[in-house]
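Please read the structure below before turning to the comments.
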Amino acid sequence: MEEPIIQLRGITKVYRVGVETIHALRELDLDIHRNEFVAIMGSSGSGKSTLMNMLGCLDRPTSGEYRLGSRLVSSMKPDELALIRNVDIGFVFQSFELLPRQTALENVELPLMYSATAGGFRARRARAAAALERVGLGNRMDHRPNQLSGGQKQRVAIARAILSNPKILMADEPTGNLDTATTGEILALFTQLHREGQTIIIVTHENDVAAHCRRVVRLRDGRILSDLPAEEDPEVASHVAGAREAQAARLAAAGAAA
Ligand SMILES: Nc1ncnc2c1ncn2[C@@H]1O[C@H](COP(=O)(O)OP(=O)(O)O)[C@@H](O)[C@H]1O
Ligand SMILES: [Mg+2]
(Lines give C-alpha, C1' and ligand atoms only; values in the text may rest on other atoms or scores of the structure.)
(Ligands and ions follow the chains in the order given, each with its own letter.)
Protein backbone atom coordinates (compact mmCIF):
# COMPACT_ATOMS: atom_id res chain seq x y z
CA MET A 1 0.00 0.00 0.00
CA GLU A 2 1.03 3.58 -0.70
CA GLU A 3 2.53 5.56 2.21
CA PRO A 4 -0.09 7.50 4.18
CA ILE A 5 -0.34 11.21 3.37
CA ILE A 6 -0.90 11.88 7.09
CA GLN A 7 0.81 9.91 9.84
CA LEU A 8 0.27 10.74 13.52
CA ARG A 9 2.21 8.87 16.21
CA GLY A 10 1.65 9.38 19.92
CA ILE A 11 0.23 12.87 19.42
CA THR A 12 -0.51 14.62 22.70
CA LYS A 13 -1.77 18.14 23.18
CA VAL A 14 -1.81 19.68 26.63
CA TYR A 15 -3.25 23.11 27.39
CA ARG A 16 -2.35 24.88 30.59
CA VAL A 17 -4.85 27.41 31.85
CA GLY A 18 -3.87 28.88 35.21
CA VAL A 19 -3.19 25.92 37.46
CA GLU A 20 -5.26 23.56 35.34
CA THR A 21 -3.84 21.12 32.81
CA ILE A 22 -6.17 20.01 30.01
CA HIS A 23 -5.28 16.95 27.97
CA ALA A 24 -7.02 17.75 24.68
CA LEU A 25 -5.33 14.87 22.77
CA ARG A 26 -3.78 11.79 24.35
CA GLU A 27 -1.24 9.55 22.60
CA LEU A 28 -3.16 9.62 19.34
CA ASP A 29 -2.12 7.42 16.38
CA LEU A 30 -3.80 7.98 13.02
CA ASP A 31 -2.99 7.30 9.34
CA ILE A 32 -4.86 8.89 6.45
CA HIS A 33 -4.17 7.93 2.84
CA ARG A 34 -4.51 9.86 -0.38
CA ASN A 35 -8.10 10.27 -1.61
CA GLU A 36 -9.65 9.19 1.69
CA PHE A 37 -12.89 10.89 2.76
CA VAL A 38 -12.89 10.99 6.57
CA ALA A 39 -15.36 12.27 9.15
CA ILE A 40 -13.99 13.15 12.57
CA MET A 41 -16.77 12.91 15.14
CA GLY A 42 -17.20 13.12 18.91
CA SER A 43 -19.09 15.13 21.47
CA SER A 44 -18.21 18.71 22.34
CA GLY A 45 -14.83 18.92 24.05
CA SER A 46 -13.62 15.54 22.76
CA GLY A 47 -10.70 17.15 20.87
CA LYS A 48 -12.01 17.44 17.30
CA SER A 49 -10.96 21.03 16.67
CA THR A 50 -7.63 20.51 18.43
CA LEU A 51 -6.97 17.56 16.13
CA MET A 52 -8.04 19.52 13.05
CA ASN A 53 -5.83 22.48 13.96
CA MET A 54 -2.92 20.07 14.36
CA LEU A 55 -3.63 18.30 11.06
CA GLY A 56 -3.99 21.68 9.36
CA CYS A 57 -0.64 22.91 10.72
CA LEU A 58 -2.32 25.76 12.59
CA ASP A 59 -0.99 24.36 15.86
CA ARG A 60 1.75 22.03 17.04
CA PRO A 61 1.49 19.01 19.32
CA THR A 62 2.94 19.06 22.83
CA SER A 63 4.57 15.72 22.01
CA GLY A 64 4.42 13.03 19.35
CA GLU A 65 5.20 12.97 15.63
CA TYR A 66 3.18 14.28 12.70
CA ARG A 67 4.32 13.41 9.20
CA LEU A 68 2.58 15.16 6.30
CA GLY A 69 3.71 13.52 3.08
CA SER A 70 7.43 12.98 3.55
CA ARG A 71 7.89 15.87 5.98
CA LEU A 72 8.04 15.77 9.76
CA VAL A 73 5.90 18.83 10.46
CA SER A 74 5.67 18.32 14.23
CA SER A 75 9.18 19.73 14.64
CA MET A 76 8.78 22.66 12.24
CA LYS A 77 8.89 26.31 13.26
CA PRO A 78 5.77 28.48 12.87
CA ASP A 79 6.95 30.16 9.64
CA GLU A 80 7.73 26.79 8.03
CA LEU A 81 4.31 25.56 9.13
CA ALA A 82 2.68 28.59 7.53
CA LEU A 83 4.28 27.72 4.19
CA ILE A 84 3.08 24.10 4.35
CA ARG A 85 -0.37 25.31 5.31
CA ASN A 86 -0.62 27.63 2.32
CA VAL A 87 0.48 25.02 -0.20
CA ASP A 88 -0.77 21.67 1.07
CA ILE A 89 -4.00 22.41 2.90
CA GLY A 90 -7.31 24.02 1.99
CA PHE A 91 -9.61 25.08 4.85
CA VAL A 92 -13.37 25.46 5.01
CA PHE A 93 -15.04 26.84 8.13
CA GLN A 94 -18.56 26.78 9.56
CA SER A 95 -18.78 30.58 9.33
CA PHE A 96 -17.56 30.76 5.67
CA GLU A 97 -15.01 33.50 6.50
CA LEU A 98 -15.65 35.59 3.37
CA LEU A 99 -14.81 39.28 3.08
CA PRO A 100 -18.16 41.11 2.93
CA ARG A 101 -17.18 43.87 0.50
CA GLN A 102 -15.44 41.64 -2.02
CA THR A 103 -17.20 39.77 -4.82
CA ALA A 104 -17.21 35.98 -4.99
CA LEU A 105 -14.42 36.16 -7.57
CA GLU A 106 -12.31 38.52 -5.44
CA ASN A 107 -12.81 36.35 -2.35
CA VAL A 108 -11.63 33.25 -4.21
CA GLU A 109 -8.70 35.02 -5.81
CA LEU A 110 -7.45 36.46 -2.51
CA PRO A 111 -5.01 33.68 -1.51
CA LEU A 112 -3.26 34.08 -4.87
CA MET A 113 -2.45 37.73 -4.09
CA TYR A 114 0.14 36.49 -1.60
CA SER A 115 1.55 33.82 -3.87
CA ALA A 116 4.73 34.53 -5.79
CA THR A 117 3.99 31.84 -8.36
CA ALA A 118 0.37 32.68 -9.18
CA GLY A 119 1.18 34.82 -12.23
CA GLY A 120 -0.32 38.16 -13.18
CA PHE A 121 -3.78 39.62 -12.75
CA ARG A 122 -5.32 37.78 -15.71
CA ALA A 123 -3.87 34.40 -14.75
CA ARG A 124 -5.16 34.78 -11.17
CA ARG A 125 -8.61 35.85 -12.35
CA ALA A 126 -8.80 32.89 -14.72
CA ARG A 127 -7.87 30.44 -11.98
CA ALA A 128 -10.38 31.91 -9.53
CA ALA A 129 -13.09 31.83 -12.21
CA ALA A 130 -12.28 28.18 -13.00
CA ALA A 131 -12.57 27.28 -9.29
CA LEU A 132 -15.99 28.99 -9.10
CA GLU A 133 -17.12 27.10 -12.22
CA ARG A 134 -16.01 23.89 -10.55
CA VAL A 135 -18.33 24.48 -7.58
CA GLY A 136 -21.23 25.47 -9.83
CA LEU A 137 -21.07 29.24 -9.25
CA GLY A 138 -19.98 30.38 -12.70
CA ASN A 139 -23.06 32.62 -12.78
CA ARG A 140 -22.46 34.32 -9.41
CA MET A 141 -18.88 35.59 -9.74
CA ASP A 142 -19.74 39.28 -9.27
CA HIS A 143 -22.08 38.77 -6.32
CA ARG A 144 -21.03 39.89 -2.85
CA PRO A 145 -21.58 37.57 0.14
CA ASN A 146 -24.82 39.35 1.20
CA GLN A 147 -26.21 38.64 -2.29
CA LEU A 148 -25.60 34.90 -1.90
CA SER A 149 -27.45 32.15 0.00
CA GLY A 150 -25.71 30.25 2.81
CA GLY A 151 -25.02 27.32 0.52
CA GLN A 152 -23.60 29.60 -2.17
CA LYS A 153 -21.36 31.32 0.39
CA GLN A 154 -20.00 27.94 1.45
CA ARG A 155 -19.40 27.07 -2.22
CA VAL A 156 -17.34 30.25 -2.58
CA ALA A 157 -15.34 29.22 0.49
CA ILE A 158 -14.81 25.75 -1.00
CA ALA A 159 -13.71 27.26 -4.33
CA ARG A 160 -11.17 29.38 -2.42
CA ALA A 161 -9.97 26.31 -0.50
CA ILE A 162 -9.39 24.15 -3.62
CA LEU A 163 -7.92 26.91 -5.74
CA SER A 164 -4.31 25.83 -5.36
CA ASN A 165 -5.04 22.11 -5.59
CA PRO A 166 -4.18 21.41 -1.96
CA LYS A 167 -3.20 17.86 -1.04
CA ILE A 168 -5.88 17.87 1.65
CA LEU A 169 -9.19 19.69 2.02
CA MET A 170 -10.16 20.19 5.68
CA ALA A 171 -13.53 21.38 6.91
CA ASP A 172 -14.58 22.09 10.52
CA GLU A 173 -18.39 21.76 10.77
CA PRO A 174 -18.87 23.05 7.19
CA THR A 175 -22.64 22.53 7.29
CA GLY A 176 -23.16 23.77 10.85
CA ASN A 177 -24.85 26.98 9.66
CA LEU A 178 -26.87 25.42 6.83
CA ASP A 179 -30.37 23.95 6.59
CA THR A 180 -30.95 20.31 5.60
CA ALA A 181 -31.45 20.88 1.87
CA THR A 182 -28.38 23.11 1.60
CA THR A 183 -26.35 20.64 3.68
CA GLY A 184 -27.21 18.01 1.07
CA GLU A 185 -26.01 20.32 -1.70
CA ILE A 186 -22.67 20.95 0.01
CA LEU A 187 -22.21 17.24 0.76
CA ALA A 188 -22.84 16.46 -2.91
CA LEU A 189 -20.08 18.92 -3.77
CA PHE A 190 -17.63 17.28 -1.33
CA THR A 191 -18.58 13.89 -2.81
CA GLN A 192 -17.87 15.21 -6.32
CA LEU A 193 -14.45 16.56 -5.24
CA HIS A 194 -13.66 13.24 -3.56
CA ARG A 195 -14.50 11.41 -6.81
CA GLU A 196 -12.16 13.77 -8.64
CA GLY A 197 -9.37 12.56 -6.33
CA GLN A 198 -9.42 15.09 -3.47
CA THR A 199 -8.45 13.91 0.03
CA ILE A 200 -11.08 15.29 2.43
CA ILE A 201 -11.33 15.48 6.23
CA ILE A 202 -14.53 16.84 7.77
CA VAL A 203 -15.16 17.53 11.45
CA THR A 204 -18.84 17.11 12.17
CA HIS A 205 -21.25 16.01 14.89
CA GLU A 206 -23.99 15.15 12.39
CA ASN A 207 -24.44 11.49 11.40
CA ASP A 208 -26.08 12.76 8.23
CA VAL A 209 -22.79 14.38 7.19
CA ALA A 210 -20.69 11.39 8.28
CA ALA A 211 -22.91 9.11 6.17
CA HIS A 212 -21.52 10.82 3.05
CA CYS A 213 -17.93 10.14 4.12
CA ARG A 214 -16.17 6.80 3.68
CA ARG A 215 -14.51 6.51 7.09
CA VAL A 216 -15.62 7.66 10.53
CA VAL A 217 -13.12 8.37 13.32
CA ARG A 218 -14.76 8.99 16.70
CA LEU A 219 -12.97 10.78 19.53
CA ARG A 220 -13.66 10.71 23.24
CA ASP A 221 -11.59 12.58 25.81
CA GLY A 222 -8.79 13.11 23.31
CA ARG A 223 -8.52 9.44 22.35
CA ILE A 224 -9.75 7.51 19.33
CA LEU A 225 -12.84 5.62 20.42
CA SER A 226 -13.52 3.95 17.05
CA ASP A 227 -12.28 4.13 13.49
CA LEU A 228 -14.54 2.36 10.98
CA PRO A 229 -15.78 2.44 7.39
CA ALA A 230 -18.86 4.73 7.51
CA GLU A 231 -21.26 1.89 6.74
CA GLU A 232 -19.90 -0.10 9.72
CA ASP A 233 -20.17 2.74 12.22
CA PRO A 234 -23.25 1.77 14.28
CA GLU A 235 -24.59 5.31 14.75
CA VAL A 236 -24.13 6.28 11.11
CA ALA A 237 -25.62 2.97 9.92
CA SER A 238 -28.68 3.38 12.14
CA HIS A 239 -29.10 6.97 10.95
CA VAL A 240 -29.01 5.82 7.31
CA ALA A 241 -31.52 3.02 8.03
CA GLY A 242 -33.82 5.52 9.79
CA ALA A 243 -33.63 7.95 6.88
CA ARG A 244 -34.45 5.13 4.43
CA GLU A 245 -37.48 4.07 6.49
CA ALA A 246 -38.73 7.66 6.69
CA GLN A 247 -38.31 7.99 2.93
CA ALA A 248 -40.24 4.73 2.33
CA ALA A 249 -43.00 5.93 4.67
CA ARG A 250 -43.23 9.25 2.77
CA LEU A 251 -43.47 7.42 -0.54
CA ALA A 252 -46.14 5.07 0.83
CA ALA A 253 -48.15 8.01 2.19
CA ALA A 254 -47.85 9.83 -1.15
CA GLY A 255 -48.95 6.64 -2.94
CA ALA A 256 -51.99 6.25 -0.65
CA ALA A 257 -52.95 9.90 -1.20
CA ALA A 258 -52.75 9.58 -5.00
N1 LIG B 1 -6.83 27.17 23.48
C2 LIG B 1 -7.24 26.36 24.47
N3 LIG B 1 -6.85 26.57 25.75
C4 LIG B 1 -7.23 25.75 26.73
N5 LIG B 1 -8.05 24.68 26.58
C6 LIG B 1 -8.47 24.43 25.34
C7 LIG B 1 -8.11 25.24 24.22
N8 LIG B 1 -8.70 24.73 23.11
C9 LIG B 1 -9.38 23.64 23.51
N10 LIG B 1 -9.26 23.45 24.85
C11 LIG B 1 -9.85 22.34 25.66
O12 LIG B 1 -9.43 21.13 25.04
C13 LIG B 1 -10.48 20.18 25.00
C14 LIG B 1 -10.80 19.82 23.53
O15 LIG B 1 -11.34 20.95 22.86
P16 LIG B 1 -11.74 20.98 21.33
O17 LIG B 1 -10.65 20.37 20.55
O18 LIG B 1 -12.15 22.36 20.99
O19 LIG B 1 -13.00 19.99 21.31
P20 LIG B 1 -14.17 19.83 20.23
O21 LIG B 1 -13.78 20.54 18.99
O22 LIG B 1 -14.33 18.35 20.06
O23 LIG B 1 -15.40 20.41 20.86
C24 LIG B 1 -11.64 20.83 25.70
O25 LIG B 1 -11.63 20.41 27.04
C26 LIG B 1 -11.36 22.32 25.59
O27 LIG B 1 -11.92 23.01 26.67
MG1 LIG C 1 -14.76 22.10 17.89
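The values are calculated or read from the model by the stated rules, or taken from the named source; none is laboratory data. Fair warning: this is a prediction, and the values are worked out from it, not measured in the lab. With ideal geometry, Cβ positions are generated from the backbone for all residues, glycine too; neighbour counts draw on all protein chains shown. Accessible surface is based on the protein model in full, side chains and every heavy atom, while ligands, DNA and RNA are left aside. Shrake-Rupley method; radii C 1.70, N 1.55, O 1.52, S 1.80 Å.
A few remarks follow.
- Aspartates and glutamates whose Cα lies under 19 Å from that of Lys13, excluding same-chain neighbours fewer than 8 positions away: Glu27, Asp29, Asp31, Asp59, Glu65, Asp172, Asp221
- For the pair Glu20 and Ala123, label points projected 7 Å from Cα toward Cβ lie 5.1 nm apart.
- When only Cα pairs below 8 angstrom with a gap of at least 6 residues are kept, segment 6-257 shows a relative contact order of 26 percent.
- Nitroxide proxy distance, nm - points 7 Å out along Cα→Cβ at Gln102 and Ala254: 4.2 nm
- Packing-based ranking, highest mean first, of 162-170, 28-36 given that Cβ atoms within 10 Å are counted: 162-170, 28-36
- Segment 134-192: proportion of alpha-carbon pairs further apart than 18 angstrom, %: 31 percent
- For segment 6-257, a simple Cβ point-charge model (Lys and Arg +1, Asp and Glu -1, everything else neutral) yields a dipole of about 780 debye relative to the Cα centre.
- Relative contact order of segment 187-252, defined on C-alpha pairs under 8 angstrom at six or more residues apart (%): 24 percent
- Paramagnetic reach from His143 (point 7 Å along Cα→Cβ, amide N under 13 Å) across segment 72-108: 103-105
- Fully extending the segment from Ser95 to Arg195 would add 33.5 nm, taking 0.36 nm per residue of separation and subtracting the current Cα-Cα distance.
- In Hz, Karplus ³J(HN,Hα) per residue of segment 180-192 (6.51, -1.76, 1.60; θ = phi - 60°; x = Gly, Pro): 4, 5, 5, 4, x, 4, 5, 5, 4, 5, 4, 4, 4
- Solvent-accessible area per residue in the chain equals 51 Å², computed with a 1.4 angstrom probe and all protein chains kept.
- Size of the chain from its Cα atoms: along the principal axes, largest to smallest, the extents are 65, 49, 44 Å.
- Applying a DSSP loop filter and a limit of 16 other Cβ atoms within 10 Å to the GluC sites (Glu not before Pro) in segment 88-142 leaves Glu97.
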